[in-house]
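Before any comments, here is the structure.
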Amino acid sequence: MHGIARYTYNMIKNLLKIDQQNQYTILIGKDFPGISGEANNLKMITLRSRWISISEQWELVKILKKLKPDLYHATSFVAPVFNPFPMVMTIHDLNHLALANNYSFFHAIYYRFIVKPSAKKSVKVLTGSEFSRKEISKYLLIPNEKIKVVYYGCGEEFRPIKDPEILSNVRKRYGLPEAFILYVGAYKPHKNVSNLIKAFSRISLKVPLVLSGKGNKELLRISKELKLDKEIIFMGELNENDLTAVYNCATLFVFPSYYEGFGLPPLEAMACGCPVVVSNVASLPEVCGDAAYYVDPYNINSIAEGIYKVLTDKNLRDILIQKGLERVKLFSWEKSAKEVLNVFEEILK
């Protein structure tokens, strides 16, 4: 699951865990993962429209008018402009505006005429970091008092695995070597994977770079030009159930993103006992604290130096692992859900 889906899934799961008083109706897409267990106060409706589309706007309004909810929580950028009911909106980041050149004209129109008006109409806007709160205030002109920071959680499934057989099976399934550098995430421009590959080419260590996903034309081209075809492993589609084990197998996790509203993968890696190298920009220092080694994502040499330093300094690696395991204790989806439920109840009163 990508970040927004992971947030939505865990928020729903934990709200149902802590709240048996309110009735929840969830509007989902066709490919959204099911919620495990049964909840008497849960109803699910599958939308027919494509995500982020004009038809979605009309369908949402139609359903909401039929449901007549006391409160509507938009857990992604999707919120109906003509929603007649009280609304809370979660805005995860504003990279579509801050990095507008990376996106289409449609995205610019969507944010201007749908996201911005919806945020202004919302009773409360939630976001995952102080960095994102400032971005929302800057780009959407939302007053600070209307924006509440609720830090995201790190799932309990992310943990150190002691069973060598589980790790061995995952290594065989994805063709993973004994030692490797790992990146998990999308290949969007702001994720900065191209600079990661260029930085990797400057490291004189025989430790492969493993990337989740199949790669794209640009990354495959860069890999070929730098003659790294045999040193970079594109894992292909990574099964959600294998992600924890993959983090456990990795020697080092690298996340060189230019722009993050929160950044879940570094926390997930920390929770699995994997040392982390991350960018020193956006929300990442706020989230990772002193439990990561920081690099300048705009400087290829800085990324290369950070990777080399952590790989070759066992003492530093051990310190990062211990600090990481402590850091993740601050982030819990149940804690996040309780804060969100408090917002709901304040509005409902």
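Values quoted throughout were computed directly from the atomic coordinates according to the rules given, and no laboratory measurement underlies them. The structure presented is a predicted model; accordingly, all values stated were derived computationally and were not measured. Neighbour counts run over all protein chains shown; Cβ positions are idealised from the backbone, glycine included.
Table for the structure above
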read-out	value
Volume in Å³ per residue [convex hull over Cα atoms, computed for segment 133-201]	159
Trypsin sites (Lys or Arg not before Pro) within segment 1-81: DSSP coil, no more than 15 neighbouring Cβ in 10 Å	K30, R48, R50
Proximal charge balance of E165 [Cβ under 11 Å; K/R count +1, D/E count -1]	+2
Whole-Å semi-axes of the ellipsoid equivalent to segment 162-202 (Cα gyration tensor, √5λ, descending)	27, 12, 8
Given charges at beta-carbon only (K, R positive; D, E negative), |dipole| of the chain in Debye	900
Distance from segment 127-172 to segment 95-123 (C-alpha centre basis), Å	22
Vicinal HN-Hα couplings computed from phi for segment 179-196 (Karplus, 6.51 cos²θ - 1.76 cosθ + 1.60; Hz; Gly/Pro x)	10, 6, 8, 10, 10, 10, x, 7, 10, 4, x, 6, 6, 6, 5, 4, 5, 5
Positive-end residue of V295, Y187, L226, charge dipole of the chain with Cβ unit charges	Y187
DSSP beta bridges in segment 164-330 [antiparallel fraction, %, rounded to 5]	5
P(r) of the chain over all Cα-Cα pairs, binned every 10 Å from zero, in whole percent	5, 24, 32, 24, 12, 3, 0
DSSP-defined antiparallel bridges as percent of all bridges, the chain, nearest 5	5
Over segment 124-250: Kirkwood hydrodynamic radius from C-alpha pairwise inverse distances, Å	17.2
Net dipole in debye of segment 70-149 [+1 Lys, Arg Cβ; -1 Asp, Glu Cβ; about Cα centre; nearest 20]	200
0 to 90° range, to nearest 10: angle between helix 333-348 axis and the chain longest Cα axis	20
Shape category assigned to segment 164-330 from the gyration tensor of Cα positions, a/c cut at 1.5	rounded
Segment 211-306: Cα Rg divided by the 2.2 N^0.38 Å rule of thumb	1.12
18 Å Cα-Cα threshold exceeded, pairs from K172/K323; K124/K188; K172/K206; K206/K227; K68/K338; K13/K43	K172/K323; K124/K188; K172/K206; K68/K338
Mean Cβ count within 10 Å, highest first, over the residues of peptides 106-118, 288-300, 124-136, 249-261	249-261, 124-136, 288-300, 106-118
Low-density loop positions, trypsin sites (Lys or Arg not before Pro), segment 179-225 - DSSP coil, at most 10 other Cβ in 10 Å	K206
11 Å beta-carbon shell around F82, net charge (K/R +1, D/E -1)	+3
Label-zone membership for segment 247-279, site K138, 7 angstrom Cα→C-beta point, backbone N under 19 Å	257-263, 279
Segment 290-349 - Rg and Dmax from Cα coordinates, angstrom	18.5, 57
